[in-house]
Amino acid sequence: MEESLRTYKVVTYGCQMNVHDSERLSGLLEEAGYAKADQDGDPDLVVFNTCAVRENADNKLYGNLGRLAPAKQSHQGMQIAVGGCLAQKDRDTIVRKAPWVDVVFGTHNIGHLPALLERARVEQQAQVEILESLETFPSTLPTRRESAYAAWVAISVGCNNTCTFCIVPALRGKEEDRRPGDILAEVEALVAEGVVEVTLLGQNVNSYGSDLGDREAFSKLLRACGQIEGLERVRFTSPHPRDFTDDVIAAMAQTPNVMHQLHMPLQSGSDTVLKAMRRSYRQERFLGIIEKVRAAMPDAAISTDIIVGFPGETDEDFEQTLHVVREARFANAFTFQYSKRPGTPAAEMDGQIPKAVVQQRYERLVALQEEISWEENKKQVGRRLEILVAEGEGKKDSQTDRLSGRAPDNRLVHFERPAEPVRPGDVVTVEISYAAPHHLLAEGPVLAVRRTRAGDAWEKRQAAPAAKPAGVMLGLPTIGAPKPTAAAPVGSGCGCD
């Protein structure tokens with residue numbers, strides 16, 4: 001009798017880079033003969049792609065591993081693998097605490113997973129392989145993308161920053177840039193498959209070129225993406241204010257398919273706190289960037305990351321953060337209460353802020369940003385927008401009989417289901433009738449429907465054997481903006497933003 005395919009499940013924690021890596025892990029496993037497990041199935045292989053920037057990241061991992069131990073005992077041949085930043089950091093500790101784990105691999109050698117699994121099966125003992133430098137760019141590995149119409153494309157890995165709250169540079173290494181030709185070839189291949197939206201990804205995306213000796217490499221890359229026929233939307237995340245230059249603003253404004261959406265991490269509005277964070281810009285520089293972006297693109301939607309309660313933050317420091325929020329008028333903000341990260345300089349700093357003080361400041365910041373987000377969204381009422389229809393964005397769509405998607409500036413829009421069939425990846429034109437702080441509504445009839453190659457690609461995928469999306473936990477959604485003002489500790493992003 002023919003042996004059935006081994007099934008797998010990938011559980012992802014953390015940032016966009018981890019989501020990107022997990023798509024590669026899925027691709028590698030499927031190329032090696034595995035099949036994705038059903039949502040409620042009992043997989044033969046569970047892979048945890050971990051994050052190290054959460055305060056309780058290790059507790060969550062070991063808790064999940066503990067719950068899997070009985071399943072592994074009763075499921076002959078089941079394997080468990082742990083990769084990602086926590087694996088890079090903890091190495092042999094994982095196998096010591098959870099000896100039923102079969103493979104531990106780091107951020108630099110995800111391409112080795114199938115071979116390590118086979119070796120663990122043959123040798124009947126755990127395989128731990130952690131490389132100190134990148135062997136292969138993740139984007140060159142096989143992939144199983146979770147979206148038919150939108151895709152991540154990594155342009156660099158690693159980070160050269162030394163922010164005192166972040167451990168990621170120590171785990172992902174120094175920045176290494178891909179060659180522009182390789183990036184553009186991948187984008188062109190994705191477009192040929194039906195993708196219409198691409199997000200360029202890096203831990204510090206706009207420092208791209210530092211490894212190549214070209215300070216304008218990122219703006220040139222944006223302009224080159226503008227020449228790719230069929231590519232309708234280009235986004236990027238996340239830039240660093242230190243490296244955000246005028247040529248990038250010009251490229252965004254002058255390249256039609258580069259969206260007028262920018263995620264610009266602030267972290268703090270206080271110069272004193274920014275210095276303690278080792279953030280190489282100050283309030284004036286940050287607000288100057290916002291002013292230049294708005295001058296070039298008045299319709300730009302700008303989001304940010306903010307940490308509340310960093311060690312030593314005074315009431316006056318916090319007031320400076322509120323001042324920047326009022327001046328910048330962010331479309332949304334991802335706000336985090338500072339919590340210690342083992343292995344980071346900030347964890348050892350004097351002046352750790354009491355939890356009650358952090359909570360009170362956090363609530364004030366969230367209330368202010370909610371007010372601003374709502375006011376900014378109300379400015380969209382009456383506008384006609386082209387919406388890229390999404391899959392899974394509207395949690396209540398089945399109850400309301402609506403569909404959901406993203407506007408060019410990445411705002412989430414819910415709209416009435418039109419009479420004619422509309423698929424994820426298609427584009428509809430709607431008129432905004434109502435604004436909430438975190439979404440827009442188009443309650444009237446859809447004004448136009450444009451069927452796209454991306455919709456065709458989605459339809460073709462549905463006709464193939466069913467494949468359910470991988471679990472993505474604790475971090476940013478795979479495509480589009482994350483939910484703003486989440487009550488979470490700092491670090492749901494890459495950490496180097």
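Quick note: the coordinates plus some simple rules give every number you see, no bench work behind them. Quantities reported herein were computed from a predicted structural model and do not represent experimental measurements. With ideal geometry, Cβ positions are generated from the backbone for all residues, glycine too; neighbour counts draw on all protein chains shown.
Taking amide H as placed 1.01 Å from N in the peptide plane, the amide H of residue 263 sits under 5 Å from that of 303, each at least 5 places away or on another chain.
Our note on the geometry: Cα centres of the stretch 280-330 and the stretch 40-115, 38 Å apart. Pairs of C-alpha atoms in the chain farther apart than 38 Å represent 25 percent of all such pairs. The stretch between residue 381 and residue 212 holds 56.4 nm of extra length on full extension. This uses 0.36 nm per residue minus the Cα-Cα distance. May I ask you to derive the relative contact order of the stretch 291-383, considering only C-alpha pairs under 8 Å and at least 6 residues apart, and to give it as an integer percent? So the answer I get is 36 percent. Exceedance of the 19 Å cut-off in Cα-Cα distance is limited, within the set 72/97; 97/174; 9/60; 9/460, to 97/174; 9/460. Compactness of the stretch 275-415 was expressed as the Cα radius of gyration divided by 2.2 N^0.38 Å, which yields 1.26.
Percent relative contact order of the chain, based on C-alpha pairs within less than 8 angstrom and at least six residues apart?
Answer for the chain is 16 percent.
Across the stretch 384-391, rounded Karplus estimates of 3J(HN,Hα) from the backbone phi angles (6.51 cos²θ - 1.76 cosθ + 1.60, θ = phi - 60°) give 9, 10, 8, 10, 7, 5, 10, 10 Hz, Gly and Pro being marked x. The packing ranking, built from the mean of other Cβ atoms within 10 Å per residue, places the peptides 46-53, 105-112 in the order 46-53, 105-112, highest first.
From the Kirkwood radius over Cα pairs of the stretch 149-307, Stokes-Einstein at 20 °C and 1.002 mPa s returns a whole-number translational diffusion coefficient of 132 µm²/s.
Placing +1 at every Lys and Arg Cβ and -1 at every Asp and Glu Cβ, with all other atoms neutral, what dipole size does the stretch 44-95 have around its Cα centre, in debye to the nearest 20?
Working: 6 positive and 5 negative charges, 15 e Å.
Dipole size: approximately 80 debye.
For the stretch 321-456, what is the percent of antiparallel DSSP beta bridges, rounded to the nearest 5? Here the share of antiparallel DSSP bridges comes out near 85 percent. In µm²/s, what is D for the stretch 277-320 at 37 °C and 0.692 mPa s, where D = kT/(6 pi eta Rh) by Stokes-Einstein and Rh is the Kirkwood radius from Cα pairs? Here the translational diffusion coefficient equals 263 µm²/s.
Think of the chain as a dipole: +1 on every Lys or Arg Cβ, -1 on every Asp or Glu Cβ, centred on the Cα centre; then among 165, 128, 219, 165 lies furthest on the positive end.
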